[in-house]
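Enquirer: Here it is: the structure, laid out below.
The values are calculated or read from the model by the stated rules, or taken from the named source; none is laboratory data. All values reported here derive from a predicted model rather than from experimental measurement. With ideal geometry, Cβ positions are generated from the backbone for all residues, glycine too; neighbour counts draw on all protein chains shown. Ligands, DNA and RNA are excluded from the accessible area calculation, which covers all protein heavy atoms including side chains. Shrake-Rupley method; radii C 1.70, N 1.55, O 1.52, S 1.80 Å.
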Amino acid sequence: RNNIGNSIWNSYFKFCVIRNPFDKLISGFFFSEKKERTRSITDSMESPVKTVSGKSAEGENSIERFRSWVRNGNSIIDRDKYLINGEICVDYFIRYEDLENGIKHVCHVLDIPFEPERIPRLKSGIRERTIPVSDFYDEETIRIVNTIYELELKKFGYDMPKGPPAVPIPTMSRESDL
């Protein structure tokens, strides 16, 4: 905003994707674990989302390791994408769990063609999808999420997801997802 000035800034349609913190944190945990296990060229690329890292996770299974990871101070913070000086600075939030419809809305507002087949499925296959989100959490980790993500939970009405994990499904899958 400082670089382009208020006149241009205010004329732009600004949007970003928001995700349920309970779901986002699990996804971040699995991504973090995969990075620890496999070092590749993508590790040298800067992530658009900051991972606040504490100590590594310990445990016999993914649920125990996730809870340990959260208790050790790890989180995914992306408020800098939609807040300036503590105030919301975007015009529209696409909800991750309704990604396709959100992108469709943005395309409509910007008067550009909506091409759902071009929506990529990035980082798919990293996370275990057989365990419901609620199974990863216990009372302590729920309290931690409620504290860290109070803004997102209140502003966007998010709560602990019920049932299977949210997976936005584009209308067409890519060969790399098969």
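Enquirer: Mind giving me the nanometre distance, one decimal, between the label points for VAL109 and LYS162, set 7 Å out from Cα along Cα→Cβ?
Expert: Spacing of the two 7 Å Cα→Cβ label points: 3.0 nm.
Enquirer: Expected output is a single nm value to one decimal: the length gained when fully extending between SER7 and ILE88, i.e. 0.36 nm times separation in residues minus the C-alpha distance. What is it?
Expert: Details: separation 81, 0.36 × 81 = 29.16 nm, distance 1.74 nm.
The SER7-ILE88 span can extend by a further 27.4 nm.
Enquirer: Sorted by accessible area (1.4 Å probe), largest first, how do LEU153, LEU110 line up? Walk me through the intermediate numbers first.
Expert: Working: LEU153 25, LEU110 75 Å².
Reading off the accessible areas and sorting them downward yields LEU110, LEU153.
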